[in-house]
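Student: To start, I am sharing the structure in question, which I have written as C-alpha cells.
Each value in this text was obtained by applying a stated rule to the coordinates, not by laboratory testing. Remember, it's a predicted structure, so these values are computed and weren't measured experimentally. Methodologically, a virtual Cβ is constructed for each residue, glycine included, from the backbone with ideal geometry; neighbour enumeration extends over all protein chains shown.
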Amino acid sequence: MSKNNHSTACILCSQNCGITIEKDGKGKFSKITGDKEHPVSEGYLCQKATRLDYYQNQIRLKHPLRKKADGTFEEVSWDTAIKDIADKLVFIRDTYGGTSIAYAGGGGQGNHLGGVFGTVFRSACDTPYIYSALAQEKTGNFWVNGHLFGRQNTNYSEPVGEADYVMVIGANPVQAHGIPKARPTINEVSRNPDKTLVVVDPRRTETAKKADIFMQVKPGKDAYLLAAMLGYIIQNGLENKEFIEERTIGFEQIKPHFENISVGTYAKICGVAEETIISVARGITQVNTFAIRSDLGLEQSLNSTLNAYLVRLLFLLTGHFGREGTNCLHTLFFPLVGHSKEPEQGGRTTQVTRMKGIGKLFPPNILPLEIDNKHPRRLRALWVDSANPATNYADAEAQKKAMEKLELLVVIDVAMTETAKLAHYVLPAQSQYEKMEATFFNLEFPDNFFHLRHPVNEPLEGTLDEPEIYHRLTSAMGEIPRSFPLLAAIAKIDRRFPGLRLLPGALGITTFFRPKWKKYQLFILKETLGKALPYKYAKAAAFIWIASHLYVKRYEKAVQRTGLKGKGYALGEALFNKILNSPSGTFISKHQYDEHWTLIRHQDKKVHLNIPELLTWLDDLGDNNQKEEAQNALYPFNLIAGERRTYNANAIIRNPEWRKTDGAGALKINPEDAREYGIESGDTVRVISSKGSIKIVATITDEVMRGLLSMPHGYGLSYGEKNDFKEVGAKVNMLTDVNYCDPLAKTPYHKNVRVKLEKISG
Ligand SMILES: Nc1nc2c(c(=O)[nH]1)N[C@H]1C(S)=C(S)[C@@H](COP(=O)(O)OP(=O)(O)OC[C@H]3O[C@@H](n4cnc5c(=O)[nH]c(N)nc54)[C@H](O)[C@@H]3O)O[C@H]1N2
Ligand SMILES: Nc1nc2c(c(=O)[nH]1)N[C@H]1C(S)=C(S)[C@@H](COP(=O)(O)OP(=O)(O)OC[C@H]3O[C@@H](n4cnc5c(=O)[nH]c(N)nc54)[C@H](O)[C@@H]3O)O[C@H]1N2
Ligand code: SF4
Ligand SMILES: [Mo]
C-alpha cells in the first residue's frame, strides 16, 4: 500500500466496512473505496462512506474551551482545563458522592477504544452510571437475553445470507445495513428461487420491495402479529418438540399463554391477513433453516421488550437456533456491555427514578429526570463523550433544560455540537482517522473478526485522544501518576522477550504494593506496553493486548483455527501481534457449530424459556390495544421519528453539504392524506406532538400507508464558523417525549410518535 493509500474503516454505522482512503497533499480524503482485504466487508461499501471527508475535514474543535460568566467560551490550555475539571469532579464526588456524577456516550459507531478508557475514568469518579445510545434501543433485548441465555451480554448473529427462510422485521437493511454487505445479501435472498424473504414493516421500504412476502403491519402492532404466529404454531402442535426437549427448559410454563390467543382477532389488530400469518408460521416450521433480522422497528416501538421475547421464541420454538443458517450466539472480542443484577438481587439503581441498569447501562430517557429536580441525590455532573444528547436523546428540550441545571457539564467531541454549546468545558478530540481506534461490534458466528484501525492523518494540532484525556484527568484527580519510567523500561524488554512475561510479573508486583493502582492498570499499560509497541501512535492499543489474552483464555481452540500457532499465553501474544499488524482487520476465531451451546451462560447450557413478567404482558395485550386506540384520537397520525435514509448517519456529519439528495430531510406522507390536507410535494407543513412542533418539507409517496408519516433523524444540526450557524432540516427530537417509552427497559417509542398535521399556507 502506498503512502497515500490507507486501510481503515467507515465509521458511519455499526458495520464499520473496511475502506481504503486516498489523500491529497493537504490531508483531504480525495478517494474512498471498499477494502477487499477486510475479512467481513470484503470490498463492500455504501454511498455514505465516500463522503467521509465531510467528517474528517469539517469545522473542528481545536482548543479546550471554558465557558465564561457571560455564556461565551474562552480558549484555555489543556493543563488549565484538566486541572479545573479534575478539581470540580473531586469536589462533587467527595461532597455528594460518586452517584451524583454520570457519563453519557463512550464510543459511537466507530470509536469504542476511547470508551474503554472512559470506564477506568468512571471508577475514579466512583460512579456506576453510564447512559448510552444502546440503552435507547438494545436493552430490552439484553434483558431478555439475560433470561434466555444466562447473561445480558450474550447476543446472537443474524445470518441473513445463509438461511432458506428469512424474516426481516422492524429493520431496513438495504438502507440501514446492520448486516454485512446488506445490499448484495438481500438481493441474493430476494432473487434466489429456493429462498423466501419475508419483510414485516408498516412502510414499503427498499427492503420490503424485494420481499417475497410483505407483511405490512400496522405501526406498533408487531406484538400481536408475533403472538398470532406463535399461537398458531403452538395451537397446531407445530413446535419443534425434539429441539425444545433437548435444548430448552420451561416450555410447559409458557405454552398455556399461547393456547388461547385468537389468531383471527390478533390478525385484525395488526392489519395482516390471517392467511398470510398462517402461511408464514407454517413456512417457518417447514423449512430447514430460518433466520431473523430485527432492529429499531421493534425496539423503538410499542411493546419493545415483549417484542424482543416473541421474536426469540419464534426461532427457538421452531428449533431454528444454533445451526448453520440460523441465528446463533456469537463471541465478543470484548463485551460492549455487562450484566446487571436485578435490584432485588442487589443490582444498582438510579438515585431519583430508581431505574435499574440493564447490561450495566442506563437509559437516556430518564437522564433529564435524574438531573432536573431538587432531590438531594440528583445528578450534578455529566460527562459526555462521542454523543450528542441535546440532539439525539428523546425530548431535546427537556435534555437541554436539564443540562443547564448541572454544576458541571463536560463534552469531548470533534465538533461543536448542540450539547457542547451547553457545556462548561469542551475538550477537542482527535478524529477517528487520527488515532488508533476500533469498535467491538464483532457480532459474527462461527467466524469472528476484529479490526484495529491505524491512523490515516496526523492529529489536528490542539487535539488529544480520549485515552490520554482520561489518563490526564485521573492523574489530576490525584489517583495515579502520568508516567511509570521503571515499568516502561521493563515493557521494552518484555516486547523483545515476551515469553519471559516480565511485564505481567512487574505489574503484579506493582499493584501488590499499590493496590489502589489496580483499577487503573489500563493507564499504566498505555504508558508502558503502549510506548514499547512498534507504532508511535499505538498507546491505546495496550488494551488490545489484555483483550487478546482474555479472548484466548476463553476460546483457545477457535483462535488456533484461524491459523495462529501456540497455546495459552503464547497464543495470546500471537493474536495480539496479528491484530496489531493487520491494518485491514483479521479473523480472531473460527468456531464449529457443535461448540455453539458452550456459549450459553446458564450452567445447564439450556435456553430458559419462561419469563413470567413478559408472559403477563402477553396476556394483557388485548386490553392494551383498546387503551392505545382511545389515545390515538387526539393525534391521528403515527410518525416514524427517525428513518435511516441515503444521507443520514445519526448526528456524525454536521455539514449539510455532505448530502447529495434529500437535503431537507422530507416528511413522507401518503397521497390520500396529502389530498385531504391539501398538501403537495415540496410544501412546508407543521407536525405537532404533545411535546412540541416542527416545520418540515413534505413529500408525497405511497411508501407510507394512510395515517403514517416518516421523517429522518440527524437533521437540523447547527454548523458554521463563528456564529453563522445554518440549520438544515427539522430536529426530530423536538417531538419526542421521555415518558413515552417501554415500561421495563425505558427504550423510547420513536417509531410510534403520535402527531397531528397542519399545512402552513404560503
Ligand atoms: N428520534 C430519534 N432519535 C434517535 C434515533 C431515532 O431513530 N429517532 N436514533 C437513535 C440511535 S439508534 C442512536 S445510535 C443515537 C445516536 O446518538 P448519539 O449516541 O448521540 O451518537 P451520534 O449521533 O453517533 O453522535 C456521535 C458524536 O460523536 C462525535 N464524534 C465523532 N468521532 C468522535 C471521536 O473520535 N471522539 C469523540 N469524542 N467524539 C466523536 C460526533 O461529532 C457526534 O457529535 O441516536 C438516537 N436518536
Ligand atoms: N443510512 C443510515 N444508516 C444507519 C444509521 C443512520 O443514521 N443512517 N444509523 C445506524 C444505527 S445507529 C442504527 S441503530 C441502525 C437502525 O437500523 P434500522 O432499525 O434497520 O433502521 P430504521 O430506519 O431506524 O428502522 C427500521 C424499520 O422499522 C420500520 N418500522 C417503523 N415502525 C415500525 C413498526 O411499528 N413495526 C415494524 N415492524 N417496523 C417498523 C421502519 O419503517 C424502518 O423500515 O441503522 C444504522 N444505519
Ligand atoms: S455507512 Fe455504509 S460503508 Fe459505512 S459502515 Fe455502514 S454500510 Fe459500511
Ligand atoms: Mo443506533
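Student: Which distance in Å, rounded to a whole number, links the C-alpha centroids of the range 4-56 and the range 503-573?
Tutor: Cα centres, the range 4-56 to the range 503-573: 29 Å.
Student: Quick query: amide H of THR248 versus all other amide H atoms, modeled in the peptide plane; which residues come in under 5 Å with a sequence gap of 5 or more or a different chain?
Tutor: VAL607
Student: Now for a different question. Using each residue's phi in the range 358-373, evaluate 6.51 cos²θ - 1.76 cosθ + 1.60 at θ = phi - 60° and report the 3J(HN,Hα) Karplus result to the nearest Hz, with x for Gly and Pro.
Tutor: Along the range 358-373, the couplings run 10, x, 6, 10, 10, x, x, 5, 9, 3, x, 5, 7, 9, 8, 6 Hz.
Student: Still on this model: Of TYR677, TYR309, how do they rank once you tally other Cβ atoms within 10 Å and put the fewest first?
Tutor: Least crowded to most crowded, the residues run TYR677, TYR309.
Student: At q = 0.15 Å⁻¹, what log₁₀ I(q)/I(0) does the range 440-596 have when each alpha carbon counts as one equal point scatterer in the Debye sum?
Tutor: -0.88
Student: Run the reach check for LYS195 against aspartates and glutamates, Cα to Cα strictly under 14 Å, same-chain hits fewer than 8 apart removed. What comes back?
Tutor: GLU162, ASP164, ASP212
Student: What's the Kirkwood radius of the range 614-762 in Å, using all Cα pairs?
Tutor: 16.6 Å
Student: May I pose another question? Starting from the Cα gyration tensor of the range 142-298, multiply each eigenvalue by 5, take the square root, and state the resulting semi-axes largest first in whole Å.
Tutor: 24, 20, 16
Student: Moving to a separate point now. Using the Karplus curve 6.51 cos²θ - 1.76 cosθ + 1.60 with θ = phi - 60°, work out ³J(HN,Hα) for each residue of the range 95-111 in order, rounded to whole Hz, and write x for Gly and Pro.
Tutor: Listing the rounded values in order: 8, 10, x, x, 6, 8, 10, 9, 10, 10, x, x, x, x, 8, x, 10 Hz.
Student: What's the local net charge at ALA674, with K and R +1, D and E -1, over the other residues with C-beta under 14 Å away?
Tutor: Charge balance in the 14 Å sphere: -4.
Student: What's the center-to-center distance, using Cα atoms, between the range 268-326 and the range 180-244 in Å?
Tutor: About 6 Å separates the Cα centre of the range 268-326 from the one of the range 180-244.
Student: Let me ask something additional. Just from its helices, what would the mean residue ellipticity at 222 nm be for the chain, if runs of 4 or more DSSP H residues each count -39500 (n - 2.57) and the sum is divided by every residue, rounded to the nearest 500 deg cm²/dmol?
Tutor: Details: 27 runs with 257 residues, N = 762.
Here the helix-only value at 222 nm equals -9500 deg cm²/dmol.
Student: Mean shadow of the range 5-56, computed from the convex hull of its alpha carbons, in nm²?
Tutor: Average of the hull's projected areas for the range 5-56 equals 3.2 nm².
Student: Report the net charge of residues surrounding ALA171, where surrounding means a beta-carbon distance below 10 angstrom and charges are Lys +1, Arg +1, Asp -1, Glu -1.
Tutor: -2
Student: Also: What would the Debye formula give as log10 I(q)/I(0) at q = 0.08, 0.10, 0.11 Å⁻¹ for the alpha-carbon point model of the chain, no solvent?
Tutor: -0.65, -1.06, -1.31
Student: Going by amide H atoms built from the backbone, whose H comes under 5 Å of the H on LYS341, apart from near neighbours?
Tutor: Those qualifying (amide H under 5 Å, at least 5 residues apart or on another chain) are ARG348.
Student: Then there's this: Once each part is reduced to its C-alpha centroid, what is the distance from the range 127-153 to the range 606-626 in angstrom?
Tutor: 19 Å
Student: Can you work out the base-10 log of I(q)/I(0) for the range 1-137 at q = 0.09, 0.19, 0.20 1/Å, using the Debye formula on its C-alpha atoms alone?
Tutor: Each listed q maps to, in turn, -0.44, -1.14, -1.18.
Student: Set the Förster distance to 22 Å, then compute FRET efficiency between LEU500 and LEU550 from the Cβ-Cβ distance, nearest 0.05. If you can, show how the numbers build up before the last one.
Tutor: Numbers: r = 21 Å, r/R0 = 0.93.
My answer for the efficiency is 0.60.
Student: Ranking request for peptides 382-390, 20-28: highest mean number of other beta-carbon atoms within 10 Å first, then the rest in descending order.
Tutor: Numbers: 382-390: 26.6, 20-28: 14.6.
Per-residue mean Cβ counts within 10 Å order the peptides as 382-390, 20-28.
Student: Something else now. With a ≥ b ≥ c the root eigenvalues of the C-alpha gyration tensor of the range 295-349, is it rounded (a/c under 1.5), prolate (a/b larger than b/c) or oblate? Show your work: numbers first, answer last.
Tutor: Numbers: a/c = 1.93, a/b = 1.33, b/c = 1.44.
Note, shape of the range 295-349 comes out oblate.
Student: Another one. Percent of Cα-Cα pairs per 10 Å bin, from 0 to the last occupied bin, for the range 308-459, please list those.
Tutor: Values per bin, smallest distances first: 10, 24, 30, 25, 11, 1.
Student: Among the listed pairs LYS360/LYS519; LYS138/LYS751; LYS26/LYS68; LYS181/LYS241, which are separated by more than 23 Å between their Cα atoms? Don't jump to the answer; show the numbers that get you there.
Tutor: Working: LYS360/LYS519 18 Å; LYS138/LYS751 14 Å; LYS26/LYS68 35 Å; LYS181/LYS241 35 Å.
Exceeds cut-off: LYS26/LYS68; LYS181/LYS241.
Student: Turning to a different aspect of this structure: For a footprinting-style exposure proxy, rank VAL90, VAL263 by other Cβ within 10 Å, fewest first.
Tutor: Lowest count first: VAL90, VAL263.
Student: If you don't mind, there's one more thing I want to ask. Once R0 is set to 30 Å, what does the formula 1/(1 + (r/R0)^6) return for the Cβ-Cβ distance between GLU404 and ASP126, expressed as a FRET efficiency to the nearest 0.05?
Tutor: Rounded to the nearest 0.05, the efficiency is 0.75.
Student: Could I ask something else about it? Residue by residue, what Karplus-based ³J(HN,Hα) values in Hz, rounded to whole numbers, does the range 296-309 have, using 6.51, -1.76 and 1.60 with θ = phi - 60° and x for Gly and Pro?
Tutor: Those phi angles translate into 4, x, 9, 6, 9, 9, 3, 6, 3, 5, 5, 4, 4, 5 Hz.
Student: If amide H atoms are built 1.01 Å from N in the plane of the peptide, which residues on other chains or at least 5 residues away come under 5 Å of the amide H of GLY319?
Tutor: Hits under the 5 Å cutoff: ASN240.
Student: Where in the range 219-234 does the label zone of TYR635 land, with the point 7 angstrom along Cα→C-beta and an amide N cut-off under 15 Å?
Tutor: 219-220
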